[in-house]
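Colleague: Just dropping this structure here.
Here, each number is a calculation from the coordinates, and none is a lab measurement. Please read all numbers here as calculations on a predicted model, not as lab measurements. No Cβ is skipped: glycine too gets one built from the backbone with ideal geometry, and neighbour counts run over all protein chains shown.
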């Protein structure tokens, strides 16, 4: 029974599918139950109180689906709600902040780490605290990049407007000498080409999704074989969710089950 | 009692404050009760079923606040939910589609009208139907402009990235000879300078907010004098809501009351 229990993963929408994809690569024998709170996306502009309420409902839904572990695959929800979800649930809870911060702390050579994310994630100070916990001497330079989410969702990664905004967001961090940049939002992996290009070869990009998959692997141990059946749930399902979600997952998102939370 | 009952106005967020501002200009004696569903914004990427459910809850909240008339100051909600709100409420209900379409039909000389809005508004076909009801010979050319909302909210109206995206969205409409362009989203008035510049002097911009205020004025009759007390409610209140909302209202948004729907 325990063996077939899925890994629960939730996000405010479809961005967390980049984390789901990383989990499938790292733990191919594990089934996933993914919930996108697409009826209430985005969390990034909402207040911490509202985000905590929504995150708890999502986590409890996944518990109801038999999840043996819950991944909060949303930086905003991890920043605001990982403690309350951990205190409420009787199982391991993995957020995206801590693994990403740990990987960045191991990666930086000059101790200057950039973090980009939504306004809520940056304002929460969570990455700053998580990096300081690893090494209080790390200089953390942050930038909120509010246009990156819609640009990624609209498939405009290669548009010149995206390039212009990336320059505006990232150049101040590069000018201050960062050698490591944490993608503090699950949408940003789709923009890696333009982000890496603007930052230049002196900056290593840290994708939290891979760090999260590694953290989950240490908790669930050896992964069984076979072809696990993944399930996808969303609080609102549209052609857009399937279309854009497929781009984030990296494969066709065929069946998405509608749930009312 | 009836004289002091407020005009109820709701929107998915803060964009409808451009409609509230137009109502205050046109009907300075009327008090407003404005509700922004900021905890669930945006509606533009959600399904019609979800939008109808949310719109009904917003309208019923305003009725509970003693509203004598309800304005759906959100194109997406007007497109999907004006009928169900009208059928449910026992008072006049004004959406933003019909007044804007009527003004555009009166404005066009060559019968070629452009409409821009969110993906949901454009896909709903509501403007196309409303314009056809006025004149079946009008050629309606549409474009979804998904990046315009975040660009307006982030105060990037003057950014070159906004100019590039405006050219991409609008040039196909201009090339096909429109002489009138309907701003089918309450956020777009903040982008009028760049939109008008890209369209050129041969295109008249129709701002639905003014058309809505006119439609409401015909329903409530002469406006009383005095300094009515406006009330602002939101389902999520943050510094961001007050800051960006003030830009949309055109004046400081001091007190916003949090409500849970």
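Colleague: Note down the nm distance, to one decimal, between modelled labels 7 Å out along Cα→Cβ at residue B:252 and at residue B:239.
Modeller: 1.7
Colleague: While we're on this one: What number, rounded to the nearest 500 deg cm²/dmol, is the helix-based mean residue ellipticity at 222 nm of chain A, given -39500 (n - 2.57) per DSSP H run of at least four residues and division by all its residues?
Modeller: Numbers: 11 runs with 121 residues, N = 261.
Mean residue ellipticity, 222 nm, calculated: -14000 deg cm²/dmol.
Colleague: Could you compute the FRET efficiency for residue A:83 and residue B:109, with r as their C-beta to C-beta distance and R0 at 51 Å, rounded to 0.05? Kindly include the intermediate steps, with their values, before the conclusion.
Modeller: On the way: r = 62 Å, r/R0 = 1.22.
The pair residue A:83/residue B:109 has a calculated efficiency of 0.25.
Colleague: For chain A, taking Cα atoms only, what is the radius of gyration to one decimal and the Dmax to the nearest whole Å?
Modeller: In Å, with Rg to one decimal and Dmax whole: 17.3, 53.
Colleague: In nm, one decimal, shortest first: how far is the label point of residue A:137 (7 Å from Cα along Cα to beta carbon) from the matching points in the other copies?
Modeller: Result for residue A:137, in nm, nearest copy first: 8.1.
Colleague: Follow-up. Considering chain A as a Gaussian network with a 10 Å cut-off on Cα pairs, which listed residue, A:44, A:184, A:16, attains the greatest mean-square fluctuation?
Modeller: Most flexible of the set in this elastic network: A:44.
Colleague: Follow-up. In nm, to one decimal, how far is the residue B:90 label point from the residue A:57 one, both placed 7 Å along Cα→Cβ?
Modeller: With each label point 7 Å from Cα toward Cβ, the separation is 3.0 nm.
Colleague: Put a label point 7 Å from Cα along the Cβ direction on residue A:163, then list its distances to the equivalent points in the other copies in nm, shortest first.
Modeller: Between copies, matching label points for residue A:163 lie 1.6 nm apart.
Colleague: Report the calculated FRET efficiency for residue A:219 and residue A:192 (r = Cβ-Cβ distance, R0 = 30 Å), to the nearest 0.05. Working shown, then result.
Modeller: Numbers: r = 27 Å, r/R0 = 0.89.
For residue A:219 and residue A:192, the calculated efficiency is 0.65.
Colleague: Also, quick follow-up: Throw me the Rg/Rh for region A:35-145, computed over C-alpha atoms with Kirkwood Rh, two decimals. Before the final figure, lay out the partial values.
Modeller: Numbers: Rg = 14.5 Å, Rh = 14.6 Å.
Reported Rg/Rh (Cα atoms, Kirkwood Rh): 1.00.
Colleague: How many nanometers, to one decimal and shortest first, lie between the label point of residue B:48 and those of its other copies, if labels sit 7 Å from Cα toward Cβ?
Modeller: Label point to label point, same position, other copies: 4.2 nm.
Colleague: Compare B:100, B:226, B:36 in a GNM of chain B, Cα atoms joined below 10 Å, and give the one with the largest fluctuation.
Modeller: Comparing B:100, B:226, B:36 in a Gaussian network model of chain B, the most mobile one is B:226.
Colleague: I would also like to ask the following. Modelled label-to-label distance, residue B:139 and residue A:260, 7 Å Cα→beta-carbon offset: nm?
Modeller: It is 4.5 nm.
Colleague: Out of B:203, B:140, B:50, any idea which swings most in a Gaussian network model of chain B, alpha carbons joined below 10 Å?
Modeller: Judging by the Gaussian network model, the answer is B:50.
Colleague: Determine, from the Cβ-Cβ distance of residue B:132 and residue A:171 and an R0 of 60 Å, the FRET efficiency 1/(1 + (r/R0)^6), rounded to the nearest 0.05. Before the final figure, lay out each step's value.
Modeller: Values: r = 49 Å, r/R0 = 0.81.
It comes to 0.75.
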